[in-house]
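> I'd like to ask you about the structure that follows.
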Amino acid sequence: MARLPDAPWRHRPGFDALCALLGAADGATRLVGGAVRDGLLGVDVADIDLATALLPDEVTQRLSQAGIKVVPTGLAHGTVTAVIDHRPVEITTLRSDISTDGRRATIAYTDDWREDAARRDFTINALYADPATGEVYDYFGGLEDLEARHVRFIGDPAQRIAEDHLRILRYFRFLARFGALPPDAAAYAACRANANSLMALSRERIADELLKLLALPEPSAVLRLMIEGGIFAPVLPEIDGAGLARLEALIMREQQAALETPPAAVLRLCALLPPDAAVGEQVAARLKLSNKARKRIVTALAPPPAHGCAQELVYRVGTEAAFDLILLDRTEMPRDMCALSHWNIPVFPLSGRDIIALGIVAGPNVANLLSTSKEQWIAEGFPDRDRARAIAQAQVAEFLRERQNS
């Protein structure tokens, strides 16, 4: 009999009391999904989800009477969220599907654990566990698949995809995170055959899944399967084999740079796209990304400003944008980027008053001389104020000589 190893999150303050209120000791409530899967794998558990035979109203009443905050986050799907120790725990009543249209489902409540498991996507996500004893309940061979790193749909893959088209993208994300290649033949064939159904999904859902996939440590092999299988063609035809080569180069450069921050999914998306700011803008708009992400994509895919060194590039476009440009540029080695990430970008120590104090009458000439002085200051590696003032004096002297001679 498989058991879930002990884990710190199971000792979270209030968790035992929550489970007791929901009748876990009598088998009415179990851990489900990622908490069980990740717990068995010994990796950090991000979210705690509970499945229960209790109806949402009963869950809400029991917890509210005990003084536990309850938020009706998904009542249409039988889900409420309890807040314990300032963290959420999702609690969902056992369900079966009445009808589906590929984007949403009409559900009915049930008290049958196997029926609830049958409506889930993959066998490794349909595992349940007793919160107290850790005893694991497996209805579709998820334990064996988890051990073999085999990502497999429950039942007929085409039917599972017809119920929710997003499962195509979820399949590849879970394959990249938990699976081993080659993929399950039936699953891969069903994803390829139904790729056009992705067009029915909102672009926000597509973007969310894609960015989650790109945030994984090494998604390249799975992305190759997706490109070769025509998965992106209906919704992101810009992503092709050339883009995959750019992504693989980027991942290698990320490793060379050894940055303290994790890889950015948005930058990896940039690598997959043609190096064209206009294309990046179009894709970002299509995926309805945030304004911040759109700006980052456009900046990363545009030609960088002229610069003599990495510090100058950071000065001109900012640290994040400079790092994006360096990592995407195969001709510029990503040296000393960790040190550069801690560099305090200097402020040009002069202003228009300093130029006027050197004898220039207020007006356009002040701005011009300040600008040329600043450019030389940058070229000299951002020296101190004394050197900056000397640069400005030389610029002003040259300007006055030229005026005298004209």
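The values are calculated or read from the model by the stated rules, or taken from the named source; none is laboratory data. Quick caveat, the model's predicted, so the values are computed rather than measured. Because the Cβ atoms are built from the backbone with ideal geometry, glycine has one as well, and the counts that use them run over all protein chains shown. These area figures cover heavy atoms from the full protein model, side chains too; ligands, DNA and RNA do not enter into them. Shrake-Rupley method; radii C 1.70, N 1.55, O 1.52, S 1.80 Å.
> Here is a list: Arg177, Arg173. Which entry is of a type outside the set (Phe, Trp, Tyr), under 28 Å from Gly229 (Cβ atoms) and open to solvent by 40 Å² or more (accessible area, probe 1.4 Å)?
Arg177
> Mind checking which residues of region 200-225 are out of contact with any Lys or Arg (no Cβ under 7 Å at 6 or more places or on another chain) and in a helix (DSSP H, G or I)?
Step one: list which residues in region 200-225 are out of contact with any Lys or Arg (no Cβ under 7 Å at 6 or more places or on another chain), which gives 202, 205-206, 208, 210-211, 215, 217-225.
Residues satisfying the conditions are Arg205, Ile206, Asp208, Leu210, Leu211, Ser220, Ala221, Val222, Leu223, Arg224, Leu225.
> Assuming Leu201 fulfils every condition listed in (1) touching a His at 6+ places or on another chain (Cβ under 7 Å); (2) open to solvent by 20 Å² or more (accessible area, probe 1.4 Å) apart from one, which condition is it?
Of everything listed in (1) touching a His at 6+ places or on another chain (Cβ under 7 Å); (2) open to solvent by 20 Å² or more (accessible area, probe 1.4 Å), Leu201 misses just condition (2).
> Let me ask something additional. Go over the candidates Ala82, Ala46, Ala51, Ala117 one by one and state the one that is open to solvent by 80 Å² or more (accessible area, probe 1.4 Å), within 29 Å of the chain's Cα centre (by Cα) and within 26 Å of Gly134 (Cβ to Cβ). Steps first, answer last, please.
Numbers: Ala82 fails: open to solvent by 80 Å² or more (accessible area, probe 1.4 Å); Ala51 fails: open to solvent by 80 Å² or more (accessible area, probe 1.4 Å); Ala117 fails: open to solvent by 80 Å² or more (accessible area, probe 1.4 Å).
Just one listed residue meets the conditions, Ala46.
> Here's something else I'd like to know. Across region 353-396, what is the number of residues that are free of Cβ contacts under 8 Å to residues at least 40 places away in the same chain, under 24 Å from Val314 (Cβ atoms) and not in a helix (DSSP H, G or I)?
3
> Let me ask you something else. State the number of residues belonging to region 145-185 that are in contact (Cβ under 8 Å) with a residue 12 or more places away in the chain and farther than 26 Å from Asp97 by Cα.
9
> Assuming Pro72 fulfils every condition listed in (1) surrounded by 13 or more Cβ atoms within 10 Å (Cβ to Cβ); (2) on the phi < 0 side of the Ramachandran plot; (3) free of Cβ contacts under 8 Å to residues at least 40 places away in the same chain apart from one, which condition is it?
(1)
> Just the residues that are over 21 Å from Gly318 (Cα atoms), free of Cβ contacts under 8 Å to residues at least 40 places away in the same chain and touching a helix residue (DSSP H, G or I) at 6+ places or on another chain (Cβ under 9 Å), please, taken from region 250-277.
Ile251, Leu273, Pro274
> When Ser197 is evaluated against the numbered criteria (1) touching a strand residue (DSSP E or B) at 6+ places or on another chain (Cβ under 9 Å); (2) not in a helix (DSSP H, G or I), which criterion, by number, is the only one it fails?
(2)
> In this structure, does Pro334 turn out to be more than 18 Å from Gln255 (Cβ to Cβ), surrounded by 13 or more Cβ atoms within 10 Å (Cβ to Cβ) and not basic (Lys, Arg)?
So Pro334 does not fit the description; no.
> In addition: Can you list the helices (runs of 4 or more DSSP H) lying wholly within region 276-352 that have 2 or more residues being touching a Lys or Arg at 6+ places or on another chain (Cβ under 9 Å)?
So the answer is 277-286, 319-328.
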